[in-house]
Structure formats: C-alpha cells, structure tokens
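The values are calculated or read from the model by the stated rules, or taken from the named source; none is laboratory data. Bear in mind the structure is a predicted one, so any value in this text is a computation, not a measurement. Cβ sites come from the backbone with ideal geometry, for glycine too, and all protein chains shown count toward neighbours. Remember, those area values only see protein heavy atoms, side chains included, never the ligands or the DNA or RNA. Shrake-Rupley method; radii C 1.70, N 1.55, O 1.52, S 1.80 Å.
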Amino acid sequence: NSMVPLWQRKKSEVSKEEYDAFYRQRFGEQAPPQSVITASVEGAVTYKALLFIPSRMPNLYFTEDFKPGLQLYSSGVMIMDHCADLLPEYFNFVRGVVDSPDLSLNISRELLQHDRQLKVIAANLEKKIKAELLRMLKDEREAYEAIYRSYGRQLKLCALNNYGVDREKVQELLLFYSSREQKLVTLDEYVDRMPEGQKYIYYAAGESVSAVDHLPQTELVKEHDYEMLYFTDSTDAFLPELFGQYRDKPFRSVTDGDLELPDAPKVDETDSQQETLAFIKEALGDQVAQVKASTRLKTHPVCLSSGQGLTFEMEKYFSVVQPDLNMKAQRILEVNVEHPAFLALETARVTEPEKAKKYAQILYNQAALIAGLPLEDPSAYTDLLCSLW
C-alpha cells in the first residue's frame, strides 16, 4: 500500500531510492543521506523511527536560524515539526521522523519536555545513532570521515560543553590528524599503537597540519619515532584540559617543559652560555617570563613554550571570541645553545652588546612568529632587521 508512511514499512521492503527520495522531499535536501537508521520498538514504549545522517552540512547549521530536532508523530498525525528533546545536542544534525501511538495528540509543548515516554525514546535513539556512527567508523571509514568533516566540530564542542560532562559519550567518535599515519585517526587507534613505555598521548597544536608539522618543538618527538596528534581546530586546545587523560594515558603537549622521553638530551650550560641567557632575559625584559637552554630543539635556534596553564592556542582563541579579557599565555623563550645564531649573539654580547640586544629581540620575534603569535610592532621588527645591514 503506497499510502502507508515510509517509516511504518519494514526496512527490507524499502529501496535505497525510496529512502533517498523521501529524504530529499521531506527535508528539502539536494544530496542523498549518508546513512539511514530505522527502529521499530514494541513494549513499555512503542514507536517507529526513521532517521537520516546527512551527507552534507545544512546551509543554516551553526546559525541561530537552524532548528534541530526530529518530526514527531502520534499514530501518523504530526505533533511537532522540530522536537529537539528527541536528540542530544551532539547529534543535532540528524534528521528524521518518530511515530508513537503512546503520545497524546493534545499534549502541550511544555508537558512534552517532561514526558517519560519521550525520554525513553530519546535515550534509545541516541544509542542507535552512536552505534551506527561507530559501525561506519569501523566498516565505512571514508563515509564516516565525510560526516566528521561536516559535524566533527559539533562533536568537539559538545565534548567541551559544561566542563566536559558529555565527553565520554562522544570521545570515541573524535578524529585527529596523525603525524605517523598522515591521516585522521581515533584516540583508540593512537593508544593501541603506543609502544611499551610511552607514558603520554603527545600532541601539537597549530593553525594547520603543515604549520604544526614544521614546529621546532616536534623535532625531538619525531626523532624518538613517537606518534603525535595534530590539533588544528580552534577548540582542540581545550580538549586535553577537560579530558585529562584517555584510557589512563594523560595528554602531553610537545611544548610542555619536560616531555619525559627516553634518553632525552640534557644541556650542561657553560658559564658563558648562562651569562648569555641572562643577557637575553635582561634585553627582553617583561616580554618573556624566562629564557632557558632548550633540550628539544635540533636544527632551529629558538622556540616559545607556554609553561603551565593557558596555552598559546587558548590565547589565540580568546583573542577572537573575548578580546576584552586580554588573556595572555606565559612566554618562555627556549634557545638552542648549539645553534650558530646563539653563538653569534654570545660573541656579540662581549664585543658589541648593543648589537647583541638587537639579536635577542630578533630571536624573540622569530619565536613568536613560529608560534603563530602576532608581533606587537611589525614595523619596528622590520626596522630592526634593516638596522643590521
């Protein structure tokens, strides 16, 4: 009977073309859905559901005009066009229909929010959606990654929301770029590959994969052949703070002071090097909290680390969303005391101290540029360079 609603029919009796046509017509989409989920439950709560995971992000998604929720029916009669209570916020991109004869046609929107039967349906649908996404992650990786490119940020935002109260519900679904695999991987895949003795999940944050891959701080971790996760989304920097750890493995940024790598190099500073580091700190003044010899740099002369608390990526985030707060991460200048640039500064400190001060300022500005931080006075920096010609 062609008049029977599609969600009332068995999945085996409906073709993919029929599902695609229904999805396009009902929800005004051009592209077919990425996946179709059906549910038919009888018992304490009876309902049928037909859900679609969109293959592309709706135009209004991430705007105030986007209306999440499923169409809610009672025995084929629509009660509500967008019932947001049927979906958790992290799955609000799912479209579909739910039909239950147990719901009253006269129920008000306010009573519906507190309806026990609706909460049971919502909990079951959440499990169905997550199970389907995990199945796609395992069996249809390209299709899942296509979904993640559209809705991965939503999953991350909800993992961070309310101080990470829902993180365990979505953390298995998150993907990050891997330095070793050179593709997106899950946290489980990373931990499963960790060699015996590795204590931390190492990560590096930046604006893009290319930018992160060229960070001086990654050199030592690469030399030890440890895999790193690249955090390139503006919200990624907050994940380690709220997650704390995953499968008993703490997160550790490659910009942290001690990476606890096996056979990590140690720097025994000479008196002259100590004097030069102190000279750099004095020349830079309040621009840096500390100047120290680096144990992580191999070919680069300098880098900045942020110490404990606020990271540089957090600082960049807050500078955009809440600039009035003027939140600044601590700046620790790490110097490669074996690099020719430091050796030149060390010599100039004795023979031409004013020029050495200029060298110190140039090294700091270079470290800030590498970290993706804005220069306080770009014009002064270019004049400084030109003064050395």
Looking at (1) in contact with a helix residue (DSSP H, G or I) (Cβ under 8 Å, 6 or more places away or on another chain); (2) open to solvent by less than 90 Å² (accessible area, probe 1.4 Å); (3) free of Cβ contacts under 8 Å to residues at least 40 places away in the same chain, find the lone condition where residue 342 falls short.
(3)
In segment 50-71, what count of residues is obtained for those that are closer than 28 Å to residue 102 by Cα, in contact with a Ser or Thr (Cβ under 7 Å, 6 or more places away or on another chain) and not β-branched (Val, Ile, Thr)?
1
Looking only at segment 275-324, which residues are surrounded by fewer than 13 Cβ atoms within 10 Å (Cβ to Cβ), in contact (Cβ under 8 Å) with a residue 24 or more places away in the chain and under 21 Å from residue 234 (Cβ atoms)?
320
Complete set of residues in segment 325-339 that are of a type outside the set (D, E, K, R), over 21 Å from residue 267 (Cβ atoms) and surrounded by 13 or more Cβ atoms within 10 Å (Cβ to Cβ):
327, 329
Could you list, in sequence order, all residues of segment 166-185 that are open to solvent by 40 Å² or more (accessible area, probe 1.4 Å) and closer than 28 Å to residue 225 by Cβ?
172, 177, 180, 181, 182, 183, 184
Residues of segment 141-165 being open to solvent by 40 Å² or more (accessible area, probe 1.4 Å) and touching a residue at least 24 places away in the same chain (Cβ under 8 Å), which ones?
153, 157, 161, 163
Tell me, which strands (runs of 3 or more DSSP E) wholly within segment 1-96 include 1 or more residues that are of a type in the set (Gly, Ala, Ser) and open to solvent by 10 Å² or more (accessible area, probe 1.4 Å)?
35-41
Which condition number does residue 192 fail, the rest of (1) touching a residue at least 40 places away in the same chain (Cβ under 8 Å); (2) assigned to a helix (DSSP H, G or I) being met?
(1)
Filter segment 288-318 for residues that are assigned to a loop (DSSP other than H, G, I, E, B) and of a type in the set (Gly, Ala, Ser); the one that is farthest from residue 266 (Cα to Cα) is 309
Name the one entry in 188, 115 that is among the charged types (D, E, K, R), open to solvent by less than 70 Å² (accessible area, probe 1.4 Å) and more than 21 Å from residue 228 (Cβ to Cβ).
115
Might you check whether a residue that is under 30 Å from residue 242 (Cβ atoms), of a type in the set (S, T, N, Q) and assigned to a strand (DSSP E or B) occurs anywhere in segment 319-342?
no
Which members of segment 362-378 meet the condition of being crowded, with 17+ Cβ neighbours inside 10 Å and closer than 17 Å to residue 339 by Cβ?
362, 363, 364, 365, 366, 367, 370
Criterion: touching a Cys at 6+ places or on another chain (Cβ under 7 Å) and under 30 Å from residue 142 (Cα atoms) - qualifying residue of 23, 90, 61
90
